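Take a look at the structure below.
Any read-out appearing in this document is the output of simple, stated calculations on the displayed coordinates, not a laboratory observation. Bear in mind the structure is a predicted one, so any value in this text is a computation, not a measurement. Cβ: placed from backbone, ideal geometry, glycine included. Neighbour counts: every protein chain shown.
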Amino acid sequence: MKLIVATRNKHKLEEIHALLSGRDIELRSALDFPEIPDVEEDGDTFEANAIKKAVTLARATGCWALADDSGLEVAALGNTPGVYSARRASAASSRSATRRAASKPSRGAARDAYSQRNAARRASVTIRCSCPTGTRKPSPKCRRS
């Protein structure tokens, strides 16, 4: 079976490959489909963004697609930037730049953050299939070649 990972991040693909090693799965990524544009992550939740990416890739390829979305939630900032983590830092930025951008208080955020010095990385992962109507089997092109 072919599984398309909705990422252009080679490191993330390597991590997923390691998790699924030993299984009869041929991993591909969005890098293998340059004609498919990046999906705009404009959802209000991590889950919405993950679903949007997986559904888009599944429909475009006819294969199973795995997608995720994640971000940093800082208690002192009202659990922001959350789903907006990547949007607050530029799309090409590093993880450290994202953390720096997340640490900048947004309007209305508590200035006395000492008592709320914790943060969490939140993630949502989903897998979707674009199967022909009335079936539960992916397109024949998704079978291992």
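Modelled label positions at residue 26 and residue 75, each set 7 Å beyond Cα in the direction of Cβ, lie 4.9 nm from each other. Taking θ as phi - 60° and the Karplus parameters 6.51, -1.76 and 1.60, the scalar couplings of the stretch 30-45 work out to 4, 4, 7, 10, x, 6, 8, x, 4, 8, 6, 8, 10, x, 8, 9 Hz in sequence order, x denoting glycine and proline.
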